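The structure under discussion appears below in the form of structure tokens.
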């Protein structure tokens with residue numbers, strides 16, 4: 001027998017609704033999901049907080065604190081905060097566990113419609129970022145590239161880095177600052193292009 005939905009059970013905007021390492025722990029509503037990915041020190045959690053306009057994702061001066069797949073409610077969709085890659089102060093077994101969980105999520109999760117890849121504007125993409133570009137193409141989902149910490153550069157340096165990154169990625173790269181909010185509207189508009197309310 002199908003379960004009846006409880007009235008007024010919709011979580012509030014930005015509410016943390018699940019923390020998962022297995023499909024059985026993930027939401028079953030079928031709402032669209034957008035994965036936020038990047039190196040552990042790229043500013044991923046800060047971008048999520050800026051988009052939600054509340055401190056919902058954990059930020060830390062210590063990289064690698066996100067070790068589960070976290071789901072945050074948005075109007076009619078979910079922000080999905082994935083563990084950062086490239087660094088984590090955890091045991092090898094723990095790192096392998098959440099690495100495997102992320103791989104399974106990215107390969108097989110049906111409600112996943114887009115991904116936002118966050119990277120430090122001052123560095124070039126490495127193997128992990130290149131793999132994510134190929135993954136998005138293989139799954140035919142939108143990949144938004146956001147280069148964070150633009151406020152650390154002057155205008156000339158920002159333009160040089162944008163051109164450099166766009167030549168590597170072969171797609172537009174949005175320069176953003178989580179501190180000042182500059183560039184965040186471009187990320188919002190990309191998500192609205194999918195019919196998502198931000």
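Would you check if residue 194 is crowded, with 16+ Cβ neighbours inside 10 Å and under 17 Å from residue 34 (Cα atoms)? Considered against the rule, which asks whether it is crowded, with 16+ Cβ neighbours inside 10 Å and under 17 Å from residue 34 (Cα atoms), residue 194 comes out as no.
Residue 85 meets each of the listed conditions (1) surrounded by fewer than 14 Cβ atoms within 10 Å (Cβ to Cβ); (2) within 23 Å of residue 132 (Cα to Cα); (3) at pLDDT 60 or above apart from (1). When residue 123 is tested against the conditions (1) surrounded by 14 or more Cβ atoms within 10 Å (Cβ to Cβ); (2) free of Cβ contacts under 8 Å to residues at least 12 places away in the same chain; (3) within 23 Å of residue 75 (Cα to Cα), the lone failure is (3).
The values are calculated or read from the model by the stated rules, or taken from the named source; none is laboratory data. Values in this document were obtained by computation on a predicted structure and should not be read as measured data. All Cβ positions, even for glycine, are placed from backbone atoms using ideal geometry, and neighbour counts span all protein chains on display.
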